[in-house]
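Notes follow the structure.
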Amino acid sequence: MNFGGAFDALADDDTWMDAAEVAAGYVGPMALANVAEGATSYDVPNEAYGLLGIYAGEKFDRRMVSVGSGVYTLDALSQRFGLKNTVTNLGGA
């Protein structure tokens, strides 16, 4: 087996920049939700913060930020509708 190409991708700076942008896109809406809800009396659905992150990523031409915020939005929706809990409990009794 030849793993040279895979190791080259791991050593590539662009790969790590993409990963960092996805992480920022995921964590950004979470941090914004915590700050905004702690400072105000409004209870905005977490999905709205994720959509705001997607918008910001697209507005500033950072597609990987949009991807991370999209994952955050899907995670929030799956929690809202109980899908995450159902999938988590598939293997257990």
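The values are calculated or read from the model by the stated rules, or taken from the named source; none is laboratory data. Predicted, not measured: the structure shown is a model, and the values here were computed from it. Every residue, glycine among them, receives a Cβ derived from its backbone with ideal geometry; neighbour counts consider all protein chains shown.
Brief remarks follow.
- Checklist (1) under 17 Å from the mean Cα position of the chain (by Cα); (2) free of Cβ contacts under 8 Å to residues at least 12 places away in the same chain applied to residue 56, failing item: (2)
- Residue 10 surrounded by 14 or more Cβ atoms within 10 Å (Cβ to Cβ), out of contact with any strand residue (DSSP E or B) (no Cβ under 8 Å at 6 or more places or on another chain) and not hydroxyl-bearing (Ser, Thr, Tyr): no
- Matching residues, the range 58-88, being within 18 Å of residue 32 (Cα to Cα) and β-branched (Val, Ile, Thr): 65, 67, 71, 73
- Helices (runs of 4 or more DSSP H) contained in the chain and holding at least 3 residues touching a Pro at 6+ places or on another chain (Cβ under 8 Å) and at pLDDT 95 or above: 46-59, 63-80
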